[in-house]
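The values are calculated or read from the model by the stated rules, or taken from the named source; none is laboratory data. Because the structure is predicted, anything quoted here is derived from the model rather than measured. Neighbour counts are summed over all protein chains in view; Cβ atoms, including those assigned to glycine, are modelled from backbone coordinates with ideal geometry.
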Amino acid sequence: MKGWLWLTGGLLALVLGVLWTAQGLDLVHDSVLSGVTAMAVAGPVVAVAGVALMVTGVRVRARFKQQLAAQQDHRAES
C-alpha cells in the first residue's frame, strides 16, 4: 500500500490545479472564481505540485515492490 497516499494527493492536486487554471482563464462560466487572475497563476503551480507528488508516489511504489521481490527471493533461497 506504500505510495498510494502520494498518488492520491497528487491526483487531487492536479485536478484542482487544472480546474483553478480554467476558472482563472474564464473557461469555466458561472463560477465565483471565473476571471480571477490569482487562480490563473495558482492553478498551474498546484498542478505541477500534483504531478511532482504523483511522480514521488510512483517511485515509492516501485522501490517498495523491489524490496518485496528481494524479500521473496531471499525466502525462496532459504
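In table form, for the structure just shown:
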| quantity | calculated |
| --- | --- |
| Any hit, region 3-14, residues being free of Cβ contacts under 8 Å to residues at least 12 places away in the same chain and among the hydrophobic types (A, V, I, L, M, F, W, C) | no |
| From the options 26, 73, residue that is in a loop (DSSP other than H, G, I, E, B), acidic (Asp, Glu) and more than 23 Å from the chain's Cα centre (by Cα) | 26 |
| Checking residue 34 against (1) assigned to a helix (DSSP H, G or I); (2) at pLDDT 90 or above, the condition it does not meet | (1) |
